[in-house]
Amino acid sequence: MDSRTLVRWARLGQVPAHPLGEGKRRLWRFIETELISWLAERGTPLKKPVANTMDTAINAHARRTA
């Protein structure tokens with residue numbers, strides 16, 4: 001999905017999101033667990049299993065610094 005689509009849906013209140021700042025140029029933050037549960041409520045199947053993001057971040061950092 002294009003990031004602009006996700007932001008547009010957030011502005012419309014269609015996806016769980018947390019706005020930071022005010023006005024048209026506000027930043028949006030999305031919590032992964034909220035998005036996953038939102039997808040599950042809609043009955044949308046995930047294309048691939050959700051990875052533990054903390055492990056993914058640690059492994060990516062380890063690869064960059066090795």
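A few comments on the model shown:
- Placing pseudo-labels 7 Å out from each Cα toward the beta carbon at A62 and R26 gives an inter-label distance of 3.9 nm.
- For I31, solvent-accessible area (1.4 Å; no DNA, RNA or ligand), Å²: 80
- Simple spin-label estimate for V7 and S37 gives 2.7 nm between the two label positions (7 Å along the Cα-to-Cβ direction from each Cα).
The values are calculated or read from the model by the stated rules, or taken from the named source; none is laboratory data. For clarity, every value in this text was computed on a predicted model and none was experimentally measured. Cβ atoms come from the backbone with ideal geometry, glycine included; neighbour counts cover every protein chain shown. Note: areas computed on protein heavy atoms with side chains; ligands, DNA, RNA excluded. Shrake-Rupley method; radii C 1.70, N 1.55, O 1.52, S 1.80 Å.
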